[in-house]
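Take a look at the structure below.
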Amino acid sequence: MPAFAVVRVRGHAKIQWSAVETMTRLKLTRVNHCVVLPMTATTYGMLHRVKDYVTWGELGHEALARLLHQRGEVVGGGRLTDAFVKENSKYTSILSFAKALEAGEAKLTDVKGLKPVVRLPPPRHGYESTRRAYIDGGSLGYRGKEMEKLVNRMLEKPKEAK
């Protein structure tokens, strides 16, 4: 079972109680928070319940490694490094950990001290629409492999102003 990246797109106003509860259990408490989850029947049911507030899709191991390297945090406020992964798990680097995540052989909790939520900045050039489904030209719901493009837009560095 592959790993899916889930990003919260919409805020907290006018949300059904069941969706709030589900997003809390998914650890998606704020806009632009991202979690990496295995796609199980339970996870699919939870995502179906919050489909009007989040977007999700598959990430390849290279995109997962970039996400964890640039924005992964450890308890205590530091950034995730290869040395930390090697010291606190059975994996030798962030890339090998990302490959195991993609294959469904690992979870974020396998690295002791790694925070389960990745805090991301808003995507460059914004979301398409925060009220429409992705298949209708918006930003919500299942994206498939297109999730990599969104994550890359969120990880881009802004160009310096002159």
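Brief remarks on what is shown
- Under the convention that each Lys and Arg Cβ holds +1 and each Asp and Glu Cβ holds -1, the size of the dipole of the stretch 122-162 around its Cα centre is about 140 debye.
- Most positive-pole-ward Cα, Thr81, Met147, Gln16, against dipole of the chain from beta carbon charges: Gln16
- Hydrodynamic radius (Kirkwood) for the chain, which is based on Cα pairs only, to one decimal in Å: 16.1 Å
- Screening the chain for whole DSSP H helices of 24 Å or more along their axis (Cα) with average Kyte-Doolittle hydropathy at least -0.5 returns none.
- Ranking Thr55, Pro158, Pro116 by Cα position along the charge dipole of the chain, where only Lys, Arg, Asp and Glu carry charges on their C-beta atoms, puts Pro158 farthest toward the positive end.
- Whole-Hz Karplus values for the stretch 29-40 come out as 8, 9, 5, 6, 7, 10, 10, 10, 10, x, 8, 10 Hz, taken residue by residue from phi with 6.51 cos²θ - 1.76 cosθ + 1.60 and θ = phi - 60°; glycine and proline positions read x.
- In plain terms, the chain from Glu62 to Asn88 could stretch by 7.3 nm, reckoned as 0.36 nm per residue minus the Cα-Cα distance.
- Value of [θ]222 nm, deg cm²/dmol, for the chain, DSSP H segments ≥ 4, -39500 (n - 2.57) each, nearest 500: -9500 deg cm²/dmol
- Extended-chain gain in nm, criterion 0.36 nm per residue less alpha-carbon gap, Tyr44 and Ser129: 28.3 nm
- Global form of the stretch 1-47, assessed from the alpha-carbon gyration tensor, a/c cut-off 1.5: oblate
- Estimated dipole of the stretch 61-110 in Debye, rounded to 20 [Cβ of Lys and Arg +1, of Asp and Glu -1, Cα centre]: 80 debye
- Within the chain: Cβ-based charge dipole about Cα centre, in debye rounded to nearest 20 (Lys, Arg +1; Asp, Glu -1): 500 debye
Only the coordinates and a few stated rules stand behind these numbers; no lab work does. Computed from a predicted model, the values in this text were never measured in an experiment. For neighbour counting, all protein chains shown are included, and Cβ atoms are generated from backbone atoms with ideal geometry for every residue, glycine included.
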